[in-house]
Amino acid sequence: MPQLAAWEKVHIDAEKIDQFLNSTHGKIPCEDCHGGEPEILGENNEEHMNAAHTGLIHEPSSPEYVEETCGFCHANIVDVNKTSMHANLWGEKNFLAERAGVKSYDALPPDVKEGYNKDCFKCHTTCGDCHITRPDAVESGFLDNHLFTRTPDRDLNCTACHGSRVGEEYLGQRDEQRDVHYIPGAMHCVDCHDATEMHGDGTKYEHRFANDLVPRCEDCHNTVADSNNYHSTHWGDMSCTVCHSQEYKSCNSCHAGEGITEPSYIDFKIGLNPLPEDRNYKYVTLRHIPISEDTYTNWGLAELDNYTVMPTWKYTVPHNIRRWTVRTEVDSGEACYGACHIDGTANREYYLLRDSLEVQFPASGYPGEIEANEPVVVDEALPAGWLN
Amino acid sequence: MHTYRLSLKQALTTLVLLIGLLALFSCEEESDTIVDHEYDSSCLSCHTDSDALLALAEEETGGGESSGEG
């Protein structure tokens, strides 16, 4: 999205000022949340600004202030949000610790935690990042003249962070069709991802799928288990996205402090479910996450002792759902499984197979890839004869 | 001369009413601190003035232009 100039980020349109002042939050003195010394006047604008900004709190909803600001009225939300995924990024922290071979994020070397806070943690959110401004990750700026918005804006908030995969997929900004749930003016991100999921329920979960707050297709589509032969045959065995999502984005490598270091690519892979305890499917869609064995070198973590402890192909829910996809549509007269089951060389590209991994990630350049992904390759799980 | 005596029920009812009134006024008082706030316009005088903000931003950064696509 186009960024705002520095002055635009804090500008309130004079025509909107009455709307702000008449709103609940507009009746609270600026300094109650932002501190500063608005009574002190200077000789000119610059002096006045410097004096008024003495002790200014740029982000009143940041963790060190939030209980005194937002929490004054919204204590329950602030309280549960302390442990939320959005505010803490537990999953990413836990996976980093696990790959580094330490018991928890707190046990990581100080340089690594410092690097993480500097390079990665800006993607966490505060109340203000969703309800007043754009998130810090996209350089902030008022959503609408410092008006507080109850529902975060899809473009300025949600996909500002979740844009390159979820946003582009959902809105159909690549070659594929937009998500069937994207109905302009009708459905919003929060219709599935509600406030309880965003704010959390006060429990510290290990990662984003390790709870029931995350929506599932079946929450709404709860009467279709036997609605056709495909469903009758595969319901419960496969996540819905195995059949109903289009191709989606994967990344191979990210270097701490530098960002993604290899081009992303559009692909589609069905693999074994790496999270069977949290999501009860056998087969799911997987994406390669931006990690490699030297990802954290810049933070002083030259090698990941436990790199192969978990797959680099991760459980994913592409946001480009369609009823009819290349796997659910077959030509007239063709068997119903013709577009999906492996038959000779047909349809092999949809599955995470050991031999294709060896080609994509040769051992010379990616020594740990095959071992890391052994739990999710489908070779041994496919029906007899498919790979002959 | 008549002597008025409150029954226990009447006394309790009166007490409850008094507590209710007290709570009502307490809430209103708390609400009024927000509603009746005299807005100090010094922050807004600058933050609604795009020319002043732009001038200050340029003085601070020597520019003030957006750095591009996010």
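Taking the criterion of being of a type in the set (Gly, Ala, Ser) and not in a helix (DSSP H, G or I), the residues of the stretch A:127-146 that qualify are A:SER140, A:GLY141.
The residue of the stretch A:78-93 that is surrounded by the fewest Cβ atoms within 10 Å (Cβ to Cβ), among those that are touching a His at 6+ places or on another chain (Cβ under 8 Å) and not in a helix (DSSP H, G or I), is A:LEU89. Exactly one residue among A:PRO311, A:PRO274 is touching a strand residue (DSSP E or B) at 6+ places or on another chain (Cβ under 9 Å), farther than 29 Å from A:VAL190 by Cα, touching a residue at least 60 places away in the same chain (Cβ under 8 Å) and in the same structural domain as A:ALA372 (by TED's automatic domain parsing), and that residue is A:PRO311.
Looking across the stretch A:11-27, the residues that are surrounded by 18 or more Cβ atoms within 10 Å (Cβ to Cβ) and in a loop (DSSP other than H, G, I, E, B) come down to A:HIS11, A:ILE12. Annotation note: Cβ proximity below 7 Å between a residue of the stretch A:207-229 that is closer than 20 Å to A:ASP278 by Cβ and a residue that is aromatic (Phe, Trp, Tyr) and part of a loop (DSSP other than H, G, I, E, B) (sequence gap 6+ or interchain) occurs for A:ASN211/A:TYR205.
Filtering the stretch A:144-166 to residues that are within 18 Å of A:GLY26 (Cα to Cα) and surrounded by 20 or more Cβ atoms within 10 Å (Cβ to Cβ) leaves only A:HIS146.
Scanning the stretch A:351-373 for residues that are closer than 14 Å to A:ILE270 by Cα and touching a residue at least 24 places away in the same chain (Cβ under 8 Å) gives A:TYR351, A:LEU352, A:LEU353, A:ARG354, A:ASN373.
Every listed requirement among (1) in contact with a strand residue (DSSP E or B) (Cβ under 9 Å, 6 or more places away or on another chain); (2) surrounded by fewer than 18 Cβ atoms within 10 Å (Cβ to Cβ) is met by A:ASP331 save one, (1).
For every residue, the table says whether it meets (1) part of a loop (DSSP other than H, G, I, E, B); (2) buried (at least 18 other Cβ atoms within 10 Å of the Cβ).
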position: A:ASP32; (1), (2): no, no
position: A:GLU47; (1), (2): no, no
position: A:PRO60; (1), (2): yes, yes
position: A:ASP106; (1), (2): no, no
position: A:GLY115; (1), (2): no, yes
position: A:THR125; (1), (2): yes, yes
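For the condition without any contact (Cβ under 8 Å) to a residue 40 or more places away in the chain and more than 23 Å from A:GLN177 (Cα to Cα), A:SER332 does not qualify.
Kindly indicate whether any position in the stretch A:87-99 is within 14 Å of chain B (Cβ to nearest Cβ) and either more than 21 Å from the chain's Cα centre (by Cα) or over 17 Å from B:THR48 (Cβ atoms) (or both). The answer is no, given that none of the residues of the stretch A:87-99 is within 14 Å of chain B (Cβ to nearest Cβ) and either more than 21 Å from the chain's Cα centre (by Cα) or over 17 Å from B:THR48 (Cβ atoms) (or both).
Condition check: in a loop (DSSP other than H, G, I, E, B), among the hydroxyl-bearing types (Ser, Thr, Tyr) and in contact (Cβ under 8 Å) with a residue 24 or more places away in the chain. Does A:THR149 satisfy that? Judged against the criteria, A:THR149 is not a match.
Scanning the stretch A:287-322 for residues that are modelled with pLDDT under 95 and of a type in the set (D, E, K, R) yields A:GLU293, A:ASP294, A:GLU303, A:ASP305. Given (1) under 23 Å from A:THR316 (Cα atoms); (2) modelled with pLDDT of 95 or more; (3) among the hydrophobic types (A, V, I, L, M, F, W, C); (4) surrounded by 19 or more Cβ atoms within 10 Å (Cβ to Cβ), identify the lone condition not met by A:CYS192. Against the list (1) under 23 Å from A:THR316 (Cα atoms); (2) modelled with pLDDT of 95 or more; (3) among the hydrophobic types (A, V, I, L, M, F, W, C); (4) surrounded by 19 or more Cβ atoms within 10 Å (Cβ to Cβ), A:CYS192 comes up short only on (4).
When B:GLY62 is tested against (1) at pLDDT 80 or above; (2) within 30 Å of A:LYS16 (Cβ to Cβ), exactly one condition is not met: (1). Of the residues making up the stretch A:152-188, just one is free of Cβ contacts under 8 Å to residues at least 24 places away in the same chain, under 21 Å from A:HIS221 (Cβ atoms) and not aliphatic (A, V, I, L, M), namely A:TYR182. Name the single residue that is surrounded by the fewest Cβ atoms within 10 Å (Cβ to Cβ) among those in the stretch A:205-233 being charged (D, E, K, R) and farther than 26 Å from A:ASP153 by Cα. Per the criteria, the residue is A:ASP226. Among the residues of the stretch A:1-12, which ones are more than 7 Å from every other protein chain (Cβ to nearest Cβ) and over 25 Å from A:GLY71 (Cα atoms)? Scanning the stretch A:1-12 gives a single hit, A:GLU8.
Among the residues of the stretch A:33-51, those that are within 35 Å of the chain's Cα centre (by Cα) and more than 9 Å from every other protein chain (Cβ to nearest Cβ) comprise A:CYS33, A:GLY35. Can you confirm whether A:TYR337 is under 19 Å from A:HIS244 (Cα atoms), more than 29 Å from the chain's Cα centre (by Cα) and assigned to a loop (DSSP other than H, G, I, E, B)? Yes, satisfied.
The values are calculated or read from the model by the stated rules, or taken from the named source; none is laboratory data. Given the structure is predicted, the values throughout are model-derived calculations rather than measurements. Virtual Cβ from ideal backbone geometry, glycine too; neighbours counted across all protein chains shown.
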